[in-house]
Amino acid sequence: MKYIDEYRNSEIAAALVRRISETVTRPWVLMEVCGGQTHSIVRYGIDRMLPQQVELVHGPGCPVCVTSLEMIDRAHAIAQRPDVIFTSFGDMLRVPGSRGDLLTLKGRGADVRVVYSPMDALRIAQENPARKVVFFGIGFETTAPANAMALYQARRLGVKNFSMLASHVLVPPSIAAILQAPGNRVQAFLGPGHVCAVMGWREYESLCEHYRVPIVITGFEPLDILEGILMAVRQLEQGRAEVENQYVRAVSRDGNRAARDLIFEVFEVGDRKWRGVGSIPKSGYRISYEYREYDAEKIFEVDAIDTHEPPQCISGLILRGLKKPCDCPAFARQCTPQTPLGATMVSAEGACAAYYQYGRHLDTDGRAAEDCAASGGR
Amino acid sequence: MCLGIPGEILEVREDNGLRTGKVRFAGITREVCLAYVPEAARGDFVVVHVGFAISKIDPEEAARAYRVLEELGQTAELTADASNPEGGREIYRRVP
Ligand code: SF4
């Protein structure tokens, strides 16, 4: 229990762990959807505080990790053009594409810039009217309102040299895909708090009903996660399958109406390919017909792309909760945050990076093997 | 990059027809779009994701959430763009 002692709210944490232990009577597999939650779980050792019967597997909720290789290769093709200023969130620069990462491209002279917000990319476009400024618009529903506003403002202000390579992914269809996949082990979900702060949780109600699976909308702080786990385990033990909201202080059933309205003005729902997982129907936002003149995919015509993924990378299985990072033979050997083979090793929210950062590969007490029991079952 | 970071609104104004403001995150102040939190005013705390406030939050909770995010290394995105050599303008600043 060394992790609990290190944590400042150790007493509440210990009480929650006790309540979980008292509630659980048989083995359950829970998935946390959000990469921020994964990071927090590994950082605070939450998975190791839990009773043996409760297993956490890590979900697909890291937008950097699930951006498809095709999309990254398209980004490269666009960023290489001399007339382009390519802008992106920092994490995306280090994600390996078929032919290296964007940072390497920048080193070779491409004008690739890190921005904090898509609005900064729009500003760069206004300041550089002779160049074409492209923003790599990735993210889940949390990021979509920001990207939607950048396009809305670009059109309103008549900024013609701005466009977006949009690769948005959506949480509810990915939950459905995980539940439908052969060999699925996940029995309940901790839902993503910040995604639901924008979208609310109505969509999750039909998932619960259809798949008979409990979903608890949960925050990212350690006590949030422990409470979310307790609520999910209670539902499982009682045979309930409902949406419950642990993150009441940030999330309401309807979410942020203004943000949602603008998303649907600028984007439309379409099929989306997820890295390591494949295409999931209706699982992404693409730029709507109305806004097509801001769609970088259409402007630059970068379609036929021949991708190459390292064969040893099992990140697709990790993103679906079927394997854990230390099941991968390359983990902490050929693949480290300095030399990432797959996207889940790049972003801090990726399960491989989180396991590496907190030394899960260095453990000598046998816990590493136990953490990786996902594939074999405990 | 998926989590919102809480900060305090220091100033609200209109910028190109958009509700905008300055938000302070511990020692860092940034321009933030406030269009999605029409009810938030100066002195309020908001959760900010990639330059957009997405919800209000109470001050005590904001402080706690910020500390956890800092421990997780998740506040780094606030200054990620400071490394752009071609930036040429002040994109973030520390408040004394
Ligand atoms: S450790 Fe590296 S190679 Fe293995 S699954 Fe993770 S990202 Fe892929």
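A few points about this structure:
- Single residue of A:285, A:294 found to be at pLDDT 90 or above and either over 27 Å from residue A:176 (Cβ atoms) or within 16 Å of the ligand (Cβ to nearest atom) (or both): A:294
- Residue within segment A:207-223 that is more than 30 Å from residue A:21 (Cβ to Cβ) and in a helix (DSSP H, G or I) present: yes
- For segment B:45-75, a residue qualifies if it is hydrophobic (A, V, I, L, M, F, W, C), facing another protein chain (nearest Cβ under 9 Å) and more than 18 Å from residue A:259 (Cβ to Cβ), and the qualifying residues are B:65, B:68, B:69, B:72.
- Filter result for residue A:156 (free of Cβ contacts under 8 Å to residues at least 40 places away in the same chain, within 14 Å of chain B (Cβ to nearest Cβ) and either in contact with a helix residue (DSSP H, G or I) (Cβ under 6 Å, 6 or more places away or on another chain) or assigned to a helix (DSSP H, G or I) (or both)): yes
- Restricting A:286, A:234 to residues that are open to solvent by 30 Å² or more (accessible area, probe 1.4 Å), touching a strand residue (DSSP E or B) at 6+ places or on another chain (Cβ under 7 Å) and touching a residue at least 40 places away in the same chain (Cβ under 8 Å) narrows the list to A:286.
- Filtered residues of segment A:352-362 (kept if away from chain B (no Cβ under 14 Å) and near the ligand (Cβ under 10 Å from one of its atoms)): A:352, A:355, A:361
- Filtered residues of segment B:31-46 (kept if in a strand (DSSP E or B), within 12 Å of residue B:8 (Cβ to Cβ) and open to solvent by 10 Å² or more (accessible area, probe 1.4 Å)): B:45
- Any chance residue A:267 is more than 10 Å from the ligand (Cβ to nearest atom), more than 14 Å from chain B (Cβ to nearest Cβ) and either of a type outside the set (S, T, N, Q) or touching a residue at least 24 places away in the same chain (Cβ under 8 Å) (or both): yes
- Restricting the first member to segment A:313-335 and to residues that are under 13 Å from residue A:278 (Cα atoms), and the second to residues that are near the ligand (Cβ under 6 Å from one of its atoms) and in a helix (DSSP H, G or I), the beta-carbon pairs closer than 6 Å and six or more apart or on different chains are A:315/A:344.
- Considering residues of segment A:55-103 that are in a strand (DSSP E or B) and more than 30 Å from residue A:226 (Cβ to Cβ) only, the residue nearest to the chain's Cα centre (by Cα): A:67
- Put simply, of B:34, B:78 the only residue that is assigned by TED's automatic domain parsing to the domain that holds residue B:9, within 18 Å of residue A:116 (Cα to Cα) and in contact (Cβ under 8 Å) with a residue 12 or more places away in the chain is B:34.
- Selected residue (criterion: nearest to the ligand (Cβ to nearest atom)) from residues of segment A:306-338 that are within 25 Å of residue A:76 (Cα to Cα) and charged (D, E, K, R): A:309
- Of residues in segment A:266-281 being of a type in the set (D, E, K, R) and under 17 Å from residue A:139 (Cβ atoms), the one surrounded by the fewest Cβ atoms within 10 Å (Cβ to Cβ): A:268
- Conditions (1) in contact (Cβ under 8 Å) with a residue 24 or more places away in the chain; (2) more than 10 Å from every other protein chain (Cβ to nearest Cβ); (3) under 18 Å from residue A:146 (Cα atoms); (4) in a strand (DSSP E or B): number failed by residue B:8: (3)
- Applying a threshold of 9 Å to beta carbon distances and a minimum spacing of six or more residues, or different chains, the list of pairs starting in segment A:81-107 at a residue that is closer than 13 Å to residue A:71 by Cα and more than 12 Å from chain B (Cβ to nearest Cβ) and ending at one that is open to solvent by less than 60 Å² (accessible area, probe 1.4 Å) and part of a strand (DSSP E or B) reads A:102/A:86; A:102/A:88; A:102/A:112; A:102/A:136.
Residue-by-condition table, conditions (1) modelled with pLDDT under 85; (2) open to solvent by less than 30 Å² (accessible area, probe 1.4 Å); (3) within 23 Å of residue A:104 (Cβ to Cβ); (4) not assigned by TED's automatic domain parsing to the domain that holds residue A:221:
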site	(1), (2), (3), (4)
A:302	yes, yes, yes, no
A:319	no, yes, no, yes
A:327	no, no, no, yes
A:330	no, yes, yes, yes
A:341	no, no, yes, yes
A:346	yes, yes, yes, yes
A:358	no, no, no, yes
A:363	yes, no, no, yes
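- Flag if residue A:292 is more than 30 Å from residue A:205 (Cβ to Cβ), touching a helix residue (DSSP H, G or I) at 6+ places or on another chain (Cβ under 7 Å) and surrounded by fewer than 15 Cβ atoms within 10 Å (Cβ to Cβ): yes
- Enumeration of residues in segment A:206-231 that are open to solvent by less than 50 Å² (accessible area, probe 1.4 Å) and either of a type in the set (Lys, Arg) or modelled with pLDDT under 95 (or both): A:219, A:220, A:221, A:222, A:223, A:224
- Residue in segment A:257-273 that is under 30 Å from residue A:48 (Cβ atoms) and touching a helix residue (DSSP H, G or I) at 6+ places or on another chain (Cβ under 7 Å) present: no
For (1) open to solvent by less than 10 Å² (accessible area, probe 1.4 Å); (2) within 14 Å of chain B (Cβ to nearest Cβ); (3) in contact (Cβ under 8 Å) with a residue 12 or more places away in the chain, each residue gets a yes or a no:
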residue	(1), (2), (3)
A:146	yes, yes, yes
A:152	no, yes, yes
A:169	yes, yes, yes
A:174	yes, yes, yes
A:187	no, no, yes
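The values are calculated or read from the model by the stated rules, or taken from the named source; none is laboratory data. Remember, predicted model here, so these are calculated numbers, not experimental data. Glycine gets a Cβ as well: all are built from the backbone with ideal geometry, and neighbour counts include every protein chain shown. For accessibility, only protein heavy atoms count, side chains too; no ligands or nucleic acids. Shrake-Rupley method; radii C 1.70, N 1.55, O 1.52, S 1.80 Å.
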